[in-house]
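Just below is one structure, and these are the notes that go with it.
The values are calculated or read from the model by the stated rules, or taken from the named source; none is laboratory data. The model shown is predicted, which means the values in this text are computed figures rather than measured ones. Here Cβ is always computed from backbone atoms with ideal geometry, including for glycine, and neighbour counts include all displayed protein chains. Only protein heavy atoms, including side chains, enter the accessible area calculation; ligands, DNA and RNA are left aside. Shrake-Rupley method; radii C 1.70, N 1.55, O 1.52, S 1.80 Å.
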Amino acid sequence: MMWNYVQFPDETQIAYSDVREDGTVRIDIERPRDWGFDSARCIMPAYQWSDIDGFSDQEIEEFDTFLRNNAPLIFELAECPPEERWEVT
C-alpha cells in the first residue's frame, strides 16, 4: 500500500510505503505527462534510485535532497497505524 505524502504545483506526486520488513521505505514519484507519467522510485534510507523515466538528473538530485530533509517525518508516518493516514487513490 502506498500513502500520499505531498503533491507539488506541477502535479508531481510523492507517495511512501509502510516500513517494510527490512526497515526500508519505498518512495514512488510520479508526474503526469501527455502520454502517461514521468516516474522514479527510491528506497530509503539507502536513497537507492531506480526505475527513473522522464526526470532529469537535476530533478532526481532535488528529489533526493527533499527526501533527505523529510526523512524523519516520512519514517514517522510510515510507522503510523493505517487508520491514522490518508490512502493514495
Original post:
Dipole magnitude of the chain about its Cα centre, charges +1 at Lys/Arg Cβ and -1 at Asp/Glu Cβ only, in debye to the nearest 20?
Top reply: 100
Original post:
For the chain, what ratio Rg/Rh do Cα atoms give with a Kirkwood hydrodynamic radius?
Top reply: 0.95
Original post:
For the chain, what is the accessible area per residue in Å², given a 1.4 Å probe and the full set of protein chains?
Top reply: 64
Subject >> Those chymotrypsin sites (Phe, Trp or Tyr not before Pro) in the chain that DSSP places in a loop and that have at most 11 other beta carbons within 10 Å >> reply: Trp35, Trp86
Subject >> Loop-located GluC sites (Glu not before Pro) in segment 10-89, at most 11 other Cβ atoms within 10 Å (DSSP) >> reply: Glu11, Glu21
Subject >> 10 Å-binned pair-distance histogram of segment 18-65 (Cα, whole percent) >> reply: 25, 51, 21, 3
